[in-house]
Ligand SMILES: [Zn+2]
C-alpha cells in the first residue's frame, strides 16, 4: 500500500474513495484486462450503474480489499503484437 489517499473518480468529487470499481470494455480491452474507477460511498452506486448499463462492470470491491491485477503493459509479453521490433 502507499500513502496517497485515493480520490473518488466522479467528476468534481474530492472525497476519499472507499470502493474500487473494476470494469472492462470488450471493444477496447482484452477480457482479462481491468480498468478501475475509484468511488466514495456517495458515488459508488452512480458510477457502478453507469458501467453496468454498458455491460462493462465486473466487480465492486471495498478499497481495502482491492488487489491490483498485474498490468499487462508493465510486464512486456514477447508475443504481444504491439511489441516493437528491435531492428
Ligand atoms: Zn464521490
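Any read-out appearing in this document is the output of simple, stated calculations on the displayed coordinates, not a laboratory observation. Values in this document were obtained by computation on a predicted structure and should not be read as measured data. Heads up, the Cβs are rebuilt from the backbone with ideal geometry, glycines too, and the neighbour counts pull from every protein chain shown.
Looking at region 19-65, what % of the alpha carbon pairs are farther apart than 16 Å?
Numbers: 343 of 1081 pairs.
Across region 19-65, Cα pairs with separations above 16 Å total 32 percent.
Taking the Cβ of each residue in 68, 45 as the centre, tally the other Cβ atoms inside 10 Å and list the residues starting with the fewest. Walk me through the numbers on the way to the answer.
Numbers: 68 10, 45 13.
Fewest to most other Cβ atoms nearby, the residues stand as 68, 45.
If packing is taken as the mean number of other Cβ atoms within 10 Å per residue, what is the order of 46-57, 18-29, highest first? Spell out each step's value before the answer.
Values: 46-57: 15.1, 18-29: 16.8.
Put in order of decreasing packing, that is 18-29, 46-57.
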